């Protein structure tokens with residue numbers, strides 16, 4: 001038995017998993033982006049209720065409730081769109097990550113209570129997914145990758 005006999009199945013497995021990298025990155029971007037985009041859209045279309053929530057429920061440090069509502073809603077709409085498209089995808093991932101952190105900070109007084117553990121762990125999961133996208137990039141199925149290939153192709157013609 002040789003080393004190559006042992007490593008051949010692992011190499012085949014790695015190649016097979018490599019085929020899943022691009023669709024997995026896209027699915028991750030679509031899922032986590034949709035969660036925040038949907039929340040931002042709800043805030044925008046129910047503005048009076050949104051401002052009321054920022055006045056009574058969400059405890060955003062340093063910002064007035066109205067400014068916090070505007071900033072939070074903008075962040076939940078703008079950054080996930082970048083993320084979903086994979087256009088400045090790492091910026092979208094980092095921006096959405098920041099929105100997620102602020103959501104946990106401003107609503108921690110509720111999320112930390114007994115019975116709300118699942119809500120807090122959801123934010124942890126989204127944060128982890130966003131960190132992975134920010135660190136590893138948004139993948140091959142993104143506008144960023146398309147633009148990078150196009151730029152390289154244009155440079156090759158020069």
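Each value in this text was obtained by applying a stated rule to the coordinates, not by laboratory testing. Because the structure is a prediction, the values reported are computed rather than measured. Note that we place each Cβ from the backbone using ideal geometry, even for glycine, and neighbour counts take in every protein chain shown.
Shape descriptor for the stretch 78-117: Rg over Rh equals 1.19 (Cα atoms; Rh from the Kirkwood inverse mean 1/r).
From largest to smallest, the equivalent ellipsoid semi-axes obtained for the stretch 60-150 from the alpha-carbon gyration tensor read 28, 16, 8 Å. The angle between the Cα long axis of helix 65-85 and the main principal axis of the chain comes to about 20°, on a 0 to 90 degree scale. Spin-label model, residue 135/residue 30: points 7 Å from Cα along the beta carbon direction are separated by 2.5 nm. Any idea what the alpha-carbon Rg over 2.2 N^0.38 Å comes to for the chain? Relative to the rule-of-thumb radius for its length, the chain sits at 1.34. With R₀ set to 35 Å, the beta-carbon distance separating residue 12 from residue 105 gives a calculated FRET efficiency near 0.15.
Across the chain, C-alpha contacts under 8 Å between residues 6 or more apart give a mean separation that, scaled by the residue count, equals a relative contact order of 27 percent. Using alpha carbons only, how many degrees (0 to 90, rounded to 10) separate the axis of helix 143-157 from the longest principal axis of the chain? Roughly 50 degrees between the two axes. Extension gain, residue 149-residue 47: 0.36 nm per intervening residue step, less the Cα-Cα distance, totals 32.6 nm. If you fit an axis through the alpha-carbon atoms of helix 89-111 and take the longest principal axis of the Cα set of the chain, what angle between them do you get, 0 to 90°, nearest 10? That helix lies at roughly 40 degrees to the long axis.
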